[in-house]
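The values are calculated or read from the model by the stated rules, or taken from the named source; none is laboratory data. On a predicted model such as this, the values are computed, not experimentally measured, just so you know. Accessible surface areas use protein heavy atoms only, side chains included; no ligands, DNA or RNA. Shrake-Rupley method; radii C 1.70, N 1.55, O 1.52, S 1.80 Å.
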Amino acid sequence: MAAPRTNGINPAEATNNETAPLIPHHSHDHNHHHRTPTLFPIPHEGESGRTGFHPSHFFLVLWRSSSPISSFVNLLFPFVIAAFISRIFFSHSHPLWTFALSYIGMIPSANLLGFAGQELARKMPKVAGILIETTFGSIVEIILFVVLIINHDDKEEGGNMVPIIQAAILGSILTNLLLCLGVCFFVGGIRHVSQRFHAIVSEVGSGLLLVAAFGLLIPSAFYSALKSEAKTVEVVIGEGVKVVVPLEHSDDFTLGKLEDDVLQISRATSVALILSFFMYIWYCASSQHSIFDEVIEADEHRDADREADMEKPKFTATEAVIALLLSLACVTALLIFLVDEIEHVVHSGVPDQFLGLILLPLVEKAAEHLTAIDEAWDGVINVALYHCLGPSIQTALFNGPLVVIVGWTLGKPMDLNFEIFMIGLLVLSILVISNFLRDGESNWLEGALLVIVYAITAIACWYYPNPDVASSNSLQQLKLINRTVANAIEGLRQAFTGV
């Protein structure tokens, strides 16, 4: 989720410590009828001074991007071409090369997508701009989740994508909270010794994350509390034929029923979380006292590179749309390449949890991470903090629940029943972050400690067994029991019938 934009408004011009609402209100000024009617005025910060499409200017603006570090990322674009070549000619013989090239090619593609969305948002009214930045700031993650759930098929070996999706949801949050925020604190502390940020950004961000964590925790807690009470297993022998094998005495509460209950709770929780996300967006867009607007406006005006950024050449609206379409096509294709090769990556020895919690979130959030780090280096720590907390909030309240709804519509059992290990990581991470944000000041030591915590998490994920081997809070063990009992019954049938 991108930070609210300022449209060149100087906070010093605001009175009574108020800022203009993000949704404009109609004024009764009688002088308005003398103005030239336009569809919407383009703010100064979004004006390119050109119209249409100019190839030379287009590639110049694309190359310079939003910051020097983003410009450096553009050097990786040859990997995009190499990924397509590998996919077409060497996918069957060298699947790991296709995965690696697609993985690296995702970084410049996602960077271009974020930059093009930012350029287009600058040309829009404030509300439309925020919605565009919010959408394209998370579109990579949404596409990844949708591609994964479409490819989910637990009946085929290596086709169960639900554990990877669940790990990617929490991994995205952890990557933003620990790695990205830690690097921001570290680089900002090196250049500025210490940086102070406004309490409202940290307090509201931490509060929303706790609400989101509560919503994500409920299905897992429900399952953990009741799984010991389910004493029977439903064994599928053939098509349409089921046998209930009692493990101990039980009435009608089976693990199969528990699975259905958790799925329904996950879907209802997802609807509630999505509703809360839209309420949050509406409040930020319509409130006369926008919770972030004034703080971030003042922070952006203290940006050391603000004047240089204002003078940079910009995309025209046409060029911004073309860049969006181009980057969106590249991102979608590369994500499909990645997902298609996941089975080969797992078979090569990379654990599911490490792939979901670490590898995928790193590449899907690369553009936002680079932006946040550049802002911290420039001294606009409130904006950097928002770029770390905002995407985490959006993943927890919208992107994660959205994939549950998409799975629901596709008839695929995507739920929010996370591993206890992952839930523990999420809760502990939020507590660590809340403790570091409490004093309203950051330094390089706190940043280094957050990065170390993330490194410890990555190491633990590498050694965590795949869900089909060991599972602390899912029904993978139940499916293993189903297969084992079914095989035993089939062996007995053959022994008695001789067939």
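Quick notes
- Ile139, Ile456, ranked by accessible area, largest first (probe 1.4 Å): Ile456, Ile139
- Violating pairs (Cα-Cα greater than 28 angstrom) within the set Lys257/Lys412; Lys227/Lys412; Lys155/Lys227; Lys155/Lys365: Lys155/Lys365
- With all protein chains modelled, accessible area of Phe214 [1.4 Å, Å²]: 130
- Solvent-accessible surface (1.4 angstrom probe) belonging to Phe136, in square angstrom, nearest 10: 50
- Difference of contour (0.36 nm per residue) and Cα-Cα distance, Ser228 to Phe59: 54.8 nm
- A straight chain from Thr409 to Ile85 at 0.36 nm per residue would run longer than the Cα-Cα distance by 113.2 nm.
- Averaging Cα coordinates gives a centre for segment 335-399 and one for segment 150-172; these two points are 17 Å apart.
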